[in-house]
Structures are given as structure tokens and as C-alpha cells.
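For reference, the structure discussed in these notes is given below.
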Amino acid sequence: MPSASDTRRAPAPAQDAAAGPPRGPLTTGNVVRGAAFLVAAALILLFPALAPNPFILFSGVIVASYACTATAWNFMGGFTGYISLGHAAFFGLGAYATGLLTGDLDWPPFVAWFAAGLIVVVLCVPVGIAALRVRGASFVIVSIAFVLILLLVAQAWADLTGGSNGLVVPRPFPDLSRPEHHRAFYFLFVALLAVMLLVWWAIDRSRFGAGLKAIREDEDKAQALGVPTRDYKLVAYLVSAFFTALAGGMYALWFGDLDPIFQFSILLGAYMVLMALLGGVRHLFGPLLGAVIVGSALEFFKLEFGDTQLHLVAAAVLLGIVVLFMPDGIIPAARDLARRFGPQGTSIREMTAAELLERNRAAAARTEADAPQSKEDRP
């Protein structure tokens, strides 16, 4: 046998014929995903031109705003696993801050919009430090308490927020007709959504994202392995608050009339959670898919049944179905279904007689090369 001090390099083994040709970057799955992405992007961009009437266009803006809020929520809930029902607090703060800066201080609309997002981040630093000291159901309760406190403040502080009468926000495009106004803000919401998706994609592939996912899987183990869990959670919380506030500020500039009961609604936070869970919180486009389904369904029920609460019943039933049958969301469930009923890969590839003969010859050659060396090393 070869001695431990023998530094002669052994002959490289021949490539196993059963392994098959190496996989290239261009696979069927990649082609299908790329084609689906291009089709979806084309439909999103062409939607204003395809909308048959202003109401459908209005509903499209609502769905786009839902997609932004659900994706913003996913920076916290999807990466860390912390479920927050109080993200409407960030949405309302961003909306009211934008309205106050444009209406009372006469700031340019989109300068005020971006500044409102930064103001919300600053306000949420102490809130995040306090809220992230707890986990699980306690964190959910803290998030609900935060949004309820802001609702009471917005209703009571009438001199600043307008109270129950609401706050009127100046329109950034006063010369546009209402359908043109909807069209412009549809593309603005889509642009904001694209930025969110790009940031989410970058975080998902970064070391910071790996740390957040370690927190989601097992926070105690991640901390024991050296992940700064407190700092990582706080950064994710602030990023999520920033983008949610931007979505709220964009809504304020578009809709132009703020009501504290809607802006600081726990129901809005529940919709964010439902949309993200329905599509899949661990997937880049999961919240977007959930927003398209839930947002379209909500607008349909409101149109067909008016001011009834049937849309709430439908949302509750949908949430129950997701939790019971698709806990990981539609996208992972569809992927598993395709793998189950699609073509199955085999672990052992069938070999021709020529391939088997070539492999046996390579093995025999390696054995003959080692044989003399083994005789020299015998005692």
C-alpha cells in the first residue's frame, strides 16, 4: 500500500459515464421562469392600455398599492419570520407625513414623499428596539398596540391631522384628468414595486439575508453561531417600515383624502399578511401574486355587494384555506405539484454496452497502475 509520505499524485479517475453531461445554465426550468417573467412584466406594463374603463384602472392602482405594501411587509415577515399585524402604522405615518409636508409646509410632493419615509424610519428606531425584545404572539400584540395608539392620536389631534374629518392632500398633477391621474400613479406604484423587488432580491443573496433567514429558522441557534440577531432584526424592521411608509405616502398623493380609520387599520395589516402568505413569503414574487389575487377579489366583492362585509368573510375563508392547505403559499405549492406530476429524474442513468466497457477499462487501468507500488511497500 502507498505510504503516508508518498507525495506522488495518483492518476485522475476517468469521468463516470453514469454521471451524464454536465448541466448548463440554460435549463427548461430557467426558460419557463424567464418566459413567465417576461409575460407578467408585459401584462403589468400594458394594463393601463388594456383597461376597458376608468374603474378597472382605479382597481389596478389599488392592487398595485397592495402589492407594494405586501412586498414591504415581506422584508420583515418573510426574512425573519416575525409576523406583524401593525404595519398599517407605518403606512398611515407615511401618508400623514406626506400630506402634512405638502399641505402645511408647501414642500414639493415627491420630496415630501421621500422625506416622509425617512421620518418614519427615525420614529421607528426606538419602537423597533422595544418591540423586537419579544417574539411570537407577544410581538404580534405589540404591533397591534402600536397601530391602535397611532389611530387614537390621529383622531384626537384634530389640529394637526384633521381628526375624524380627515386630511386633504394636494394633488401633484392638478392638470391631469382623473383617468390620466390614475394612469400616472399606476406606473409610479409599479416603479416603487420594482425597486422593492430589486432590494429584496439583493438582500436574499447577501450575507445579511443569510443571517436573517438563520433567525427565521432558529434564532437562538443563529445567535449562538455569532449572528448579531438584534441588529439584523432592527435593520430588517426599519427597511420594512421605510418601504411601507413610501407606499402610504404614494397612496396619499394619489387618493388625496386621508381617513385615520382606514390609514391606521389593523385590517390593512391583516391584508398584507394574507397577501404575502398566499403567494409565498420565501419567494420574491410571492407577495405580488398574493396582492393580485386578494386585491382583485376584494375589489370584485366591493363592486358586486357594495358596503356589505362579505369581502371580509371571503378574506377570512381564504386565509383559512392558505393556513390549512398551502402553508408555504401558492408558488411553492405549484412547484411541488409540478415536480410530483412532471417528468421524474432518475438517480441511475441507463448505460450502453460501450459506456460500461469503457468504464471497466478505466478501472482496470487504475488497478494496474497501483499494483507495482503496492508490491514495493509490502514488508
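The values are calculated or read from the model by the stated rules, or taken from the named source; none is laboratory data. Please read these numbers as outputs of a predicted model, since none were measured by experiment. Virtual Cβ from ideal backbone geometry, glycine too; neighbours counted across all protein chains shown. These accessible areas exclude ligands, DNA and RNA; they are computed on the full protein's heavy atoms, side chains included. Shrake-Rupley method; radii C 1.70, N 1.55, O 1.52, S 1.80 Å.
Residue-normalised convex hull volume from the C-alpha trace of the stretch 125-177: 147 Å³ per residue.
Our analysis of the stretch 196-327 gives Rg over Rh at 1.03, with the two radii drawn from alpha carbon positions and Rh computed by the Kirkwood formula. Between the beta carbons of Val153 and Val32, assuming R0 = 30 Å, the FRET efficiency works out to 0.05 to the nearest 0.05.
Computed from backbone phi, the HN-Hα couplings of the stretch 79-86 come to 7, 9, x, 7, 8, 10, 9, x Hz, rounded to whole numbers (Karplus: 6.51 cos²θ - 1.76 cosθ + 1.60, θ = phi - 60°; Gly and Pro given as x). The helix-only estimate of mean residue ellipticity at 222 nm for the chain, built from DSSP H runs of length n ≥ 4 each weighted as -39500 (n - 2.57), is -24500 deg cm²/dmol after division by the residue total.
Here is the list for the stretch 183-266: trypsin sites (Lys or Arg not before Pro) lying in DSSP coil, each with at most 11 other C-beta atoms within 10 angstrom of its C-beta, are Arg205. The share of alpha-carbon pairs in the chain lying farther apart than 25 Å comes to 63%. Counting charges near Met326 (Lys, Arg +1; Asp, Glu -1) among other residues having Cβ under 14 Å from its Cβ returns a value of 0. Heavy-atom accessible surface of Trp107, to the nearest 10 Å², is about 100 Å², with a 1.4 Å probe and all protein chains retained. A simple spin-label model places the labels of Arg359 and Leu198 4.9 nm from each other, with each point 7 Å out along Cα-to-Cβ.
For the stretch 163-179, backbone phi angles converted through the Karplus equation (6.51, -1.76, 1.60; θ = phi - 60°) give residue-by-residue couplings of x, 6, 6, x, 10, 8, 10, x, 6, x, 10, x, 8, 7, 6, 4, x Hz, Gly and Pro being listed as x. Note on the chain: with neighbouring protein chains present and a 1.4 Å probe, carbon and sulfur make up 67 percent of its accessible heavy-atom surface. Spin-label model, Trp107/Ala338: points 7 Å from Cα along the beta carbon direction are separated by 4.4 nm.
Highest GNM mean-square fluctuation, the chain, Cα pairs closer than 10 Å: which of Phe55, Phe37, Phe301? Comparing Phe55, Phe37, Phe301 in the GNM, the peak value goes to Phe37. Its Cα centre serving as origin, the stretch 159-297 has a Cβ charge dipole (Lys and Arg +1, Asp and Glu -1) of approximately 420 debye.
For the chain, a Gaussian network of Cα nodes joined below 10 Å ranks Thr80, Thr102, Thr27 by mean-square fluctuation, and the top entry is Thr27. For the chain, the longest principal axis of the C-alpha atoms and the axis of helix 330-341 are separated by about 30°. Using a Gaussian network model of the chain in which every pair of alpha carbons under 10 angstrom is joined by a spring, one finds that among Ala353, Ala35, Ala314 the greatest mean-square fluctuation is at Ala353. Please give the FRET efficiency for Leu225 paired with Leu123, using the beta carbon to beta carbon distance and R0 = 35 Å, rounded to the nearest 0.05. With R0 = 35 Å, the Cβ-Cβ based efficiency is 0.60.
Between the helical axis of 109-131 and the longest alpha-carbon principal axis of the chain there is an angle of about 70 degrees.
Computed from backbone phi, the HN-Hα couplings of the stretch 232-240 come to 5, 5, 5, 5, 4, 4, 6, 4, 5 Hz, rounded to whole numbers (Karplus: 6.51 cos²θ - 1.76 cosθ + 1.60, θ = phi - 60°; Gly and Pro given as x). In the context of the full set of protein chains, the chain has a per residue accessible area of 56 Å² (1.4 Å probe).
Helix 286-305 and the longest principal axis of the Cα set of the chain meet at an angle near 40°. Given axes a ≥ b ≥ c from the Cα gyration tensor, I'd like to know whether the stretch 48-137 is rounded (a/c under 1.5), prolate (a/b larger than b/c) or oblate. Cα axes put the stretch 48-137 in the oblate bin. The local environment of Arg133, defined by Cβ-Cβ distances under 12 Å, has a net charge of +3 under the rule Lys, Arg +1 and Asp, Glu -1.
Note on Asn53/Val317: beta-carbon distance plugged into 1/(1 + (r/R0)^6) with R0 of 30 Å gives a FRET efficiency of 0.55.
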